[in-house]
Amino acid sequence: MYTGAVGIERLQKIYLCLVQQNPNDKDSVPKCLMGHNHLELEKGIEKYTMDKIPKNGKGLLGIFAEYYNNYRYANYIPKINGGDLRLLFISFLKKQNGKFNFDEPCSLSQFEVFKRFYINELGKIAGYFYGLIEHKARDINTYTYEIDSSSNAARVFWSTRGRSLYEQMLIEQNAIKELLLYIYKNQRDSGVFRLLNHMESLEMDDTLINDYLADLFEGKVNDWLIDYVDDMYEEIGDIQKIKERKKLLSLFGDRSVCFDFEDLEDGENES
């Protein structure tokens, strides 16, 4: 929720900066720019546009404002506001006209449904504010709307024009899963596969692999995995061996490295 609250606030403030008649006149700068209240920022934005924020948008802005000003450090302080933060998010979900059933014995069974709803609503308002920024920037001949086509911002702002943000997330995760499945199933002896075949893998706990993958698909690296690999390097003990291993590992995913595909091409020609 932290990244959502901060990201949306920045989009709101960017738009308000763009619509200022005289940015150098400090007295004309809206006071809402000095704080962290998403709803007050939205009130300021509504003075300059006839566009309407998506349904549930203001409800989510209210949650962000409450979260950012009262709970944003809850994740870093054990047992502080943990229950209140959970209730804050549930209060938003309960306003969705019976969309979710909180009378079930274990509402955690709906976690994926909660997550999908939140991600999609976040994607809608992110796209809405980006659209305001793009329109205003073009109007005053600035390039504030320009973003790198390979950036996370492009995935959020552009993909949501044709699909939901949750659908985009699943598409990306499925692409990674298909790649991993291909690597696992194909024991080739060319290109990067030759390097993979040459190296010995570290021993891993099979029961934790799915947890490691879950984090990987969410764009994170599991802390236990990091610590485990570090411990395994210490067990190897030989500094030179570790150095050589890290050098080989550095070749994976390095676009400047050219792997030899000659054997693969010869095999295809023979067939």
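Residues in region 255-266: is at least one over 30 Å from SER149 (Cβ atoms) and either within 25 Å of the chain's Cα centre (by Cα) or free of Cβ contacts under 8 Å to residues at least 24 places away in the same chain (or both)? Yes, the conditions are met somewhere in region 255-266. Starting from residues that are surrounded by fewer than 18 Cβ atoms within 10 Å (Cβ to Cβ) and β-branched (Val, Ile, Thr), keep the ones in region 33-77 and report whichever is farthest from LYS115 (Cα to Cα). Filtering region 33-77 for residues that are surrounded by fewer than 18 Cβ atoms within 10 Å (Cβ to Cβ) and β-branched (Val, Ile, Thr), the one farthest from LYS115 (Cα to Cα) comes out as THR49. For region 148-187, taking the residues that are among the polar types (S, T, N, Q) and modelled with pLDDT of 85 or more, the one that is farthest from ASP215 (Cα to Cα) is identified as SER164. Taken residue by residue, region 78-93 has no member that is in contact with an Asp or Glu (Cβ under 8 Å, 6 or more places away or on another chain), at pLDDT 85 or above and surrounded by 18 or more Cβ atoms within 10 Å (Cβ to Cβ).
When region 182-204 is filtered for residues that are open to solvent by 90 Å² or more (accessible area, probe 1.4 Å) and in a helix (DSSP H, G or I), the ones remaining, listed by number, are TYR182, TYR184, LYS185, HIS198. Out of ALA175, ALA137, one residue alone is among the small types (Gly, Ala, Ser) and surrounded by 12 or more Cβ atoms within 10 Å (Cβ to Cβ). It is ALA137. Counting the residues of region 205-226 that are open to solvent by 70 Å² or more (accessible area, probe 1.4 Å) and closer than 22 Å to LEU248 by Cα gives 3.
The values are calculated or read from the model by the stated rules, or taken from the named source; none is laboratory data. No experiment lies behind these values; they were computed from the predicted model shown. In this analysis, Cβ positions are derived from the backbone assuming ideal geometry, glycine residues included, and neighbour counts consider all displayed protein chains. These accessible areas exclude ligands, DNA and RNA; they are computed on the full protein's heavy atoms, side chains included. Shrake-Rupley method; radii C 1.70, N 1.55, O 1.52, S 1.80 Å.
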